[in-house]
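See below for the structure under consideration.
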Amino acid sequence: MMVGEEFQIVIENLSSQGQGVGHWNGKAVFVSGALPGETVRARLTTNKPKYIQAKLEQVVQPAAERVVPCCPWFGQCGGCDLQHLDYAEQLVWKRIWVAEALKRIGGITEVEVLPAVGMEDPWRYRNRAQLHLRQWEGEWQLGFFRRGSHQILPIEDCCLFPALWRDVLAAIRSWLQTTQPKSLYHIVLGQTGDPQTYFVLLVAAPEAAPNLRQQVKVLSDRLPPGLLMVALNLNPDPSRQVLAGQFEILSGPPALSETILGQELQIHPASFAQVNPRQTEYLYQTALAFADPGGNRSVLELYCGSGVLSVLLARQAGKLIGVDIDAAAIEQAQRNVQQLHISNAGFMAIDVLEYLRSYPDTFPADGIIVLDPPRRGLPAAVIDELARLQPQRIVYISCDPATLARDLKRLLSHGYLVQAVQPVDMFPQTVHVETVVLMSRVEK
């Protein structure tokens, strides 16, 4: 076949990127928007030696699991991947993707991957989102990136956002057209606790600060009721990392309150936080059950962020140390344990590898290490240091099955066994899945 030709194909599988997979003349064929069990007509777009990519032109025979997407921008927006797939079936595939990654990359087959834990209502769950900005022919565009590009797709609403944010977005668009701010790149919307409240974080170049400080009252007056905070992130290079650089609050309290499993915590708006509060509670309950830190055991929590899970672990542990390179997050973690009168938890703002290499003492024989690293997973040197400490158990929270499987394979070679694998669907309608894994040391 030549690029541009149409052909008919039966879809057999679903890739972990959400593409339908079939076969043509011995090659794998990837068709975005197609589902297993469907017969589709597709147009060839890329023909490589080992695989073909094609554009879906027509669903000739739909799968029983195909549903009508909620969002009018589905397929154009780069956010959601699975709105056309029944939610129960999404959970089935997320379990499959975790199990396949563990088998293919980690060589792990002896442990059962538990069914993915989903939501009763898998919509309107996000409590934080980053939107991108640009001016085009005199008009401000506010939205997400189009799929596979950095072009902005303007949106008026998102089926994953709280309903209130529809009015928030409308007010921000009006403010942008009226004030025409300079060097404003992104807007972060967030929510903590009360679903009728929200905060707005403006990401801009440092030179934009004086102008934005003057315009914040105009913005606040236009926004709907429930505004908690307007904050400013002065980022000299927002193309590399949206939230970086200097942070200042233009209006509102110094931190925001969030209640997780009965614990009221202060959250810094610029710090990392899970975006699905309902599923976060189940995720942390699972991590607590796997860690089982009772009986005066010591817990070392690496990549602890602002210490949300730390507080829950410290309530049961004999002693907890939290480590993260983000100094602002560590300061917030320290304030949280002080306000909650937790005296057995301490925190260090330091690179995890640097901390582990300087760890002077023998780790307690019954000690526990809890990990929640970034998507890229653990550096090999960190795994070597974990093996040196020889904790009795390791609880690994991962947002990427591929890097999780790679890291588990390395830990297996250091004398650990995988005992439990629990996927948690933190991101319905997308291909992303969070996984909690329990590993234990093989006793010699």
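Within segment 70-92, can you find the residues that are part of a loop (DSSP other than H, G, I, E, B) and within 16 Å of residue 19 (Cα to Cα)?
74, 75, 76, 78, 79, 80, 81, 82, 83, 84, 86
Suppose the filter is closer than 21 Å to residue 275 by Cα and assigned by TED's automatic domain parsing to the domain that holds residue 407; does residue 111 pass it?
no
In segment 12-34, which residues are without any contact (Cβ under 8 Å) to a residue 40 or more places away in the chain and part of a loop (DSSP other than H, G, I, E, B)?
12, 15, 25, 26, 34
Specify which of the listed residues (339, 332) is touching a residue at least 40 places away in the same chain (Cβ under 8 Å) and more than 25 Å from the chain's Cα centre (by Cα).
Checking each option against the conditions leaves just 339.
For residue 129, are the conditions met, namely being surrounded by 15 or more Cβ atoms within 10 Å (Cβ to Cβ), of a type in the set (Gly, Ala, Ser), at pLDDT 95 or above and outside any loop (DSSP other than H, G, I, E, B)?
It is false that residue 129 is surrounded by 15 or more Cβ atoms within 10 Å (Cβ to Cβ), of a type in the set (Gly, Ala, Ser), at pLDDT 95 or above and outside any loop (DSSP other than H, G, I, E, B).
Does segment 39-61 contain at least one residue that is within 30 Å of residue 128 (Cα to Cα) and either touching a residue at least 40 places away in the same chain (Cβ under 8 Å) or touching a Ser or Thr at 6+ places or on another chain (Cβ under 6 Å) (or both)?
Checked segment 39-61: no residue is within 30 Å of residue 128 (Cα to Cα) and either touching a residue at least 40 places away in the same chain (Cβ under 8 Å) or touching a Ser or Thr at 6+ places or on another chain (Cβ under 6 Å) (or both).
For residue 376, indicate whether it is under 20 Å from the mean Cα position of the chain (by Cα) and farther than 22 Å from residue 190 by Cβ.
yes
Might you check whether a residue that is surrounded by fewer than 20 Cβ atoms within 10 Å (Cβ to Cβ) and in contact with a helix residue (DSSP H, G or I) (Cβ under 6 Å, 6 or more places away or on another chain) occurs anywhere in segment 420-436?
Scanning segment 420-436 turns up no residue that is surrounded by fewer than 20 Cβ atoms within 10 Å (Cβ to Cβ) and in contact with a helix residue (DSSP H, G or I) (Cβ under 6 Å, 6 or more places away or on another chain).
Exactly one condition in (1) touching a residue at least 40 places away in the same chain (Cβ under 8 Å); (2) in contact with an Asp or Glu (Cβ under 8 Å, 6 or more places away or on another chain); (3) surrounded by fewer than 18 Cβ atoms within 10 Å (Cβ to Cβ); (4) of a type outside the set (S, T, N, Q) is false for residue 359; which is it?
Unmet condition: (1).
Can you name the residue in segment 147-162 that is surrounded by fewer than 18 Cβ atoms within 10 Å (Cβ to Cβ) and touching a helix residue (DSSP H, G or I) at 6+ places or on another chain (Cβ under 8 Å) and, of all such residues, is farthest from residue 173 (Cα to Cα)?
157
How many residues are of a type outside the set (D, E, K, R) and at pLDDT below 95 when one looks only at segment 368-385?
1
If I filter segment 263-280 for residues that are over 30 Å from residue 344 (Cα atoms), outside the structural domain of residue 394 (by TED's automatic domain parsing), part of a strand (DSSP E or B) and β-branched (Val, Ile, Thr), do I get at least one hit?
The answer is no; no qualifying residue exists.
Answer yes if at least one residue in segment 400-410 is surrounded by fewer than 17 Cβ atoms within 10 Å (Cβ to Cβ), free of Cβ contacts under 8 Å to residues at least 12 places away in the same chain and either of a type in the set (A, V, I, L, M) or in the same structural domain as residue 299 (by TED's automatic domain parsing) (or both), and no otherwise.
The answer is no, given that none of the residues of segment 400-410 is surrounded by fewer than 17 Cβ atoms within 10 Å (Cβ to Cβ), free of Cβ contacts under 8 Å to residues at least 12 places away in the same chain and either of a type in the set (A, V, I, L, M) or in the same structural domain as residue 299 (by TED's automatic domain parsing) (or both).
In segment 140-206, which strands (runs of 3 or more DSSP E) lie fully inside it and hold 2 or more residues that are within 21 Å of residue 81 (Cβ to Cβ)?
In segment 140-206, 152-154 are the strands (runs of 3 or more DSSP E) which contain 2 or more residues that are within 21 Å of residue 81 (Cβ to Cβ).
Going by the structure shown, is residue 31 touching an Asp or Glu at 6+ places or on another chain (Cβ under 8 Å), among the β-branched types (Val, Ile, Thr) and within 30 Å of residue 156 (Cα to Cα)?
When the stated conditions are applied, residue 31 does not pass them.
I'd like to know if segment 361-369 contains one or more residues that are in the same structural domain as residue 408 (by TED's automatic domain parsing) and outside any loop (DSSP other than H, G, I, E, B).
Within segment 361-369 (the criterion being in the same structural domain as residue 408 (by TED's automatic domain parsing) and outside any loop (DSSP other than H, G, I, E, B)), the answer is yes, since at least one residue qualifies.
For segment 67-108, which residues satisfy the criterion of being within 19 Å of residue 154 (Cβ to Cβ) and touching a helix residue (DSSP H, G or I) at 6+ places or on another chain (Cβ under 7 Å)?
none
Among the listed residues 383, 342, 321, identify the single one that is over 26 Å from residue 115 (Cα atoms) and in a helix (DSSP H, G or I).
Being over 26 Å from residue 115 (Cα atoms) and in a helix (DSSP H, G or I) holds for just one of 383, 342, 321, which is 383.
State the number of residues belonging to segment 276-316 that are in contact with a strand residue (DSSP E or B) (Cβ under 7 Å, 6 or more places away or on another chain) and either without any contact (Cβ under 8 Å) to a residue 24 or more places away in the chain or over 24 Å from residue 374 (Cβ atoms) (or both).
3
For segment 101-116, check the following and say yes or no: at least one residue is part of a helix (DSSP H, G or I), modelled with pLDDT of 95 or more, charged (D, E, K, R) and out of contact with any Ser or Thr (no Cβ under 8 Å at 6 or more places or on another chain).
Taking every residue of segment 101-116 in turn, at least one turns out to be part of a helix (DSSP H, G or I), modelled with pLDDT of 95 or more, charged (D, E, K, R) and out of contact with any Ser or Thr (no Cβ under 8 Å at 6 or more places or on another chain).
The values are calculated or read from the model by the stated rules, or taken from the named source; none is laboratory data. Note that this is a predicted model, so its numbers are computed, not measured. FYI the Cβ positions are ideal-geometry reconstructions off the backbone, even for glycines, and counts take in every protein chain you see.
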